[in-house]
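The values are calculated or read from the model by the stated rules, or taken from the named source; none is laboratory data. Note that the structure is predicted; figures quoted are calculated from it, not measured. Cβ: placed from backbone, ideal geometry, glycine included. Neighbour counts: every protein chain shown.
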Amino acid sequence: MKYEQPKPDEFETNILRHQGFFNYSAHWFATHGGKLAAGWSPDESVLNGFHDYLMKDGVTFTEADWTRDHDWIRSQLKTEMYIAGFSYEDSLKVNVEQDPEVAKAIAAMPQASDLLAQSKGRFEKQRASR
């Protein structure tokens, strides 16, 4: 069960190249204050503001790009904004919580437990037959 990290598409690369998440976070906190509520996550108004910010910043994209990468944008924006809204350590925690590779590993835990039980059973049978 190997996880293949998806390659960033052109739109994602352009956002990163323009430092869109960092710059928008600084802009947002300058206009909204420096505190976030516990458990905060970007809502549609924050995402729409980011959309408009990217357009003004010259990041080229289509609405299809925006729709396709909506979940990725939300998670990246949340991670970046947690740095200023809470702390760098909290942003790392959020990043891990949202990591698709971590989610896949957690989902595989029941299967791993079953495989361990099966291998223990085989080992005991082998040991008893000696």
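See the values below:
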| quantity | calculated |
| --- | --- |
| Of the criteria (1) charged (D, E, K, R); (2) at pLDDT 90 or above; (3) surrounded by 14 or more Cβ atoms within 10 Å (Cβ to Cβ), which one residue 63 fails | (3) |
| Residues that are more than 20 Å from residue 12 (Cα to Cα), surrounded by 10 or more Cβ atoms within 10 Å (Cβ to Cβ) and more than 19 Å from the chain's Cα centre (by Cα), drawn from the range 31-53 | 32, 35 |
| All positions within the range 112-130 that are within 35 Å of the chain's Cα centre (by Cα) and either at pLDDT 75 or above or among the small types (Gly, Ala, Ser) (or both) | 112, 113, 117, 118, 119 |
| Residue 82 vs. criteria without any contact (Cβ under 8 Å) to a residue 60 or more places away in the chain, assigned by TED's automatic domain parsing to the domain that holds residue 22 and touching an Asp or Glu at 6+ places or on another chain (Cβ under 6 Å) | yes |
| Residues (at pLDDT below 85 and surrounded by 14 or more Cβ atoms within 10 Å (Cβ to Cβ)) located in the range 69-92 | 90, 91 |
| Test for residue 49: is it more than 16 Å from residue 86 (Cα to Cα) and in contact (Cβ under 8 Å) with a residue 12 or more places away in the chain | yes |
